[in-house]
Amino acid sequence: MPLTLVVTGLLTGIGLIAAVGAQNAYLLRQGLRRQHVGALVLLCAASDVVLIGLAVLGVGAAVQEWPAFLDVARWGGGLFVIGYGLHVGWRALRPGEALVAGAGGRQISLRRALTTMAALTWLNPHLYLDIIVLGSIANTHGPEGRWWYYAGLVAASILWFSALGFGSRGLAPLLSRPRSWQVLDGLIAVVMLAIGVGLLLGG
């Protein structure tokens, strides 16, 4: 059971994180330039670790006060994940958006790089919606199970940002093609729909 929860958390986390967006584009761009990659990867992963952890704790406290919240969270989280899967699936049917990153550019300071990444991460309203949903889903697995699920989410964040940042030079030719993101979006859509249906069925 713990391993299943970790894997489920890992897949859900990858599905939500691996999207064409400003945060990923900036990390890929800096990876291509080989500028402050380690610090940026650490900032992105640490942000997820802290924010998701706080969400798990916060939702857990709400469950203690209102046990029925679990049912609300299960249905709300399930519908959200299914909706997200449908959205990504629709995007996969309409390719044309590529993750563009430039390999040129002048050297920027570590402070500027971290400030820019922090803004792209923490000022993104979709981040907080995803965090709340993940915290809610985690708590549907019980007091102990939620932390195994959380471990999977943390692993997903670390793996994705590390691969994108440190493997950017190898990934760039692939991610610069819309077809590659179409295939990735298709896989994400299937995973999200399966997880969402599982939540609605009480699995």
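Laboratory data are not the source of any read-out in this text; all were calculated from the coordinates shown. Values in this document were obtained by computation on a predicted structure and should not be read as measured data. When we count neighbours, we look across all protein chains shown, and the Cβ atoms used for this are built from the backbone with ideal geometry, even at glycine.
Some observations on this one:
- Phi angles of the range 108-113 translate, via the Karplus equation with coefficients 6.51, -1.76, 1.60 and θ = phi - 60°, into HN-Hα couplings of 10, 6, 4, 4, 5, 4 Hz per residue; Gly and Pro are given as x.
- Label-point separation in nm, ALA68 to ARG94, each point 7 Å along Cα→Cβ: 3.9
- With a Förster radius of 41 Å applied to the C-beta separation of GLN107 and HIS87, the computed FRET efficiency comes to 0.65.
- Placing a label point 7 Å from the Cα of LEU3 along the Cα-to-Cβ line, the residues of the range 134-168 whose backbone N sits under 17 Å from it are 148-149, 151-152.
- Global geometry of the range 143-195, whether rounded, prolate or oblate, following the gyration tensor of its Cα atoms and the 1.5 cut on a/c: oblate
- Placing dummy labels 7 Å off each Cα toward the beta-carbon, the span from LEU79 to LEU200 is 1.0 nm.
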